[in-house]
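Written out below as structure tokens is the structure these notes cover.
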Protein chains: 2
Amino acid sequence: MVDQLSEAEREDALDGLPDWDHDEARDAISRSFTFENFSEAFAFMTRVALLAEAADHHPEWSNVYNRVDILLTTHDAGGLSERDIEMAEAIDALVD
Amino acid sequence: MVDQLSEAEREDALDGLPDWDHDEARDAISRSFTFENFSEAFAFMTRVALLAEAADHHPEWSNVYNRVDILLTTHDAGGLSERDIEMAEAIDALVD
């Protein structure tokens, strides 16, 4: 089990993830990524899939051609946990 | 360019795709797929991505863990075209 972040922990974490939006209703974070084309977008998705499987922590995500939308939350924790923050940082490291 | 299917053509096509739902508002077809786990789901997505890139016809799709939702329509045609029907048949052939 993993704990939901406290409000202070969440604020600290979000300060470190300026490209992610906080969905208050779901206590989730999301980010949209745009690539040159589908091939580039799916290559990115494959890298995220490998991260997700290695961490056993999987995104909710969608793709339309060159766009990938990723949402992270921890169902078991009822909202954001440290696992989401770590995954967001790892995803950011792929593209930034 | 590719033409939107006529009503008669669409009805014929949908008769051949019993696992797909027709979204009348968007003139699109959609199907949900459920797998054992994320690894199986993403393996399927990779095969669909290869089909999509080869056909230069890409789905709108989302994934949450072991579930993959696929929607097909042809933006250039303003709705369903023969390209969607062919893609749906190719996707079905991966799983059925």
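Every number here is computed from the coordinates shown, using simple stated rules; none is lab data. Only a predicted model underlies this, so the values are computations on that prediction, with no experimental measurement involved. We place every Cβ from the backbone using ideal geometry, glycine too, and count neighbours over all the protein chains shown.
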### Message
Considering only residues that are hydrophobic (A, V, I, L, M, F, W, C) and within 11 Å of chain B (Cβ to nearest Cβ), which ones fall in segment A:18-43?
### Response
A:PHE38, A:ALA41, A:PHE42, A:ALA43
### Task
Filter segment A:30-43 down to residues that are under 18 Å from B:LEU50 (Cα atoms) and out of contact with any helix residue (DSSP H, G or I) (no Cβ under 8 Å at 6 or more places or on another chain), then give me how many there are.
5
#### Entry: Among (1) more than 9 Å from chain B (Cβ to nearest Cβ); (2) under 16 Å from B:ALA49 (Cα atoms); (3) touching a Phe, Trp or Tyr at 6+ places or on another chain (Cβ under 9 Å) - the single one A:THR46 does not satisfy
(1)
### Message
Quick check on segment A:56-96: of everything there that is under 12 Å from the mean Cα position of the chain (by Cα) and of a type in the set (D, E, K, R), which residue is nearest to the other protein chains (Cβ to nearest Cβ)?
### Response
A:GLU60
### Subset of segment A:50-78 [under 24 Å from A:MET1 (Cβ atoms), of a type in the set (Gly, Ala, Ser) and crowded, with 17+ Cβ neighbours inside 10 Å]
A:ALA52, A:ALA77
### Message
Can you confirm whether B:GLU11 is within 12 Å of another protein chain (Cβ to nearest Cβ) and either free of Cβ contacts under 8 Å to residues at least 40 places away in the same chain or surrounded by 15 or more Cβ atoms within 10 Å (Cβ to Cβ) (or both)?
### Response
no
### Task
Consider B:LEU80 carefully, then state whether it is on the phi < 0 side of the Ramachandran plot and touching a strand residue (DSSP E or B) at 6+ places or on another chain (Cβ under 7 Å).
yes
